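The structure appears below as structure tokens.
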Amino acid sequence: MCEKVIIIGNSITAEILYKYITNDKRYQIECFCVDRNYIKENILFGIKVVSLEEIQEKYPPKDYKVLLAMGYNNVNQDRECMYQKVKSLKYEIITYIHKDAKVYNDFNIGEGSIILANTVVEPFAKIGKNSVVWANCTIGHHAEVEDNCWIASGSTIAGEAKIGSNSFLGVGVTVVNQVRVGKLNIIGANVLVSSNTKENEVCLARAGERHRFPALDYAKYFMK
């Protein structure tokens, strides 16, 4: 029997997760839900958009569960705030693991976390509450992702590494084994984190530089 689900959000993250869920027979989407001030249209993908202020009356918590489909605004603090608000309304927030993800320790995935397609969570790894691990990531053995984190596509967190709460890791980040990323960190795309970071830090990789040789010459002399 499929679970009846309310999607919290109406932005791009909600649209993407809607597409995943509609192809997952475990769930049935009942409506979208956002704060009244953020309703842009009353129907999205043919489904009602309901205000958070009236959700309990129309969709009681005993009959429906919630999927938190918000992005990483304000270093995930907006997402954290909504998580707390939904919990105060007595809803259960589902932990969504895509059917094509490989998770070898389901009991260490916190409430409300999302793990998308082709991600591998190795044995003894741990993911906290309300974190998002996007597609094609690797969470190594004995690694830990704390609460309210966002791990973008293609990132690798090596064995025994730890990602502090409310951190954002961009596309293709690599965190070396046993390294600690501090709380409230922003790690930019393609950064190699090879040493511990402190709380509230930003780490960025240098942008791709233009080589002095044109492509055809570079291929001729250097790509042999």
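Table for the structure above
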{"quantity": "Of the criteria (1) over 22 Å from the mean Cα position of the chain (by Cα); (2) surrounded by fewer than 19 Cβ atoms within 10 Å (Cβ to Cβ); (3) aliphatic (A, V, I, L, M), which one I12 fails", "calculated": "(1)"}
{"quantity": "Selection from region 73-119 of residues that are crowded, with 22+ Cβ neighbours inside 10 Å, outside any helix (DSSP H, G or I) and either in contact (Cβ under 8 Å) with a residue 60 or more places away in the chain or in contact with a Ser or Thr (Cβ under 6 Å, 6 or more places away or on another chain) (or both)", "calculated": "N76, Y91, Y96, I109, S113, I114"}
{"quantity": "Filtered residues of region 106-134 (kept if within 13 Å of the chain's Cα centre (by Cα) and among the aliphatic types (A, V, I, L, M))", "calculated": "I109, I114, I115, L116, A117, I127, V132, V133"}
{"quantity": "Condition met for I29 (surrounded by 13 or more Cβ atoms within 10 Å (Cβ to Cβ), in contact with a Ser or Thr (Cβ under 8 Å, 6 or more places away or on another chain) and either outside any helix (DSSP H, G or I) or among the charged types (D, E, K, R) (or both))", "calculated": "yes"}
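Where a number appears in this text, it was derived from the coordinates with a stated rule and is not lab data. This is a predicted model, so every value here is computed, not measured. Quick reminder, even Gly has a Cβ in these numbers, built from the backbone with ideal geometry, and neighbours come from all protein chains shown.
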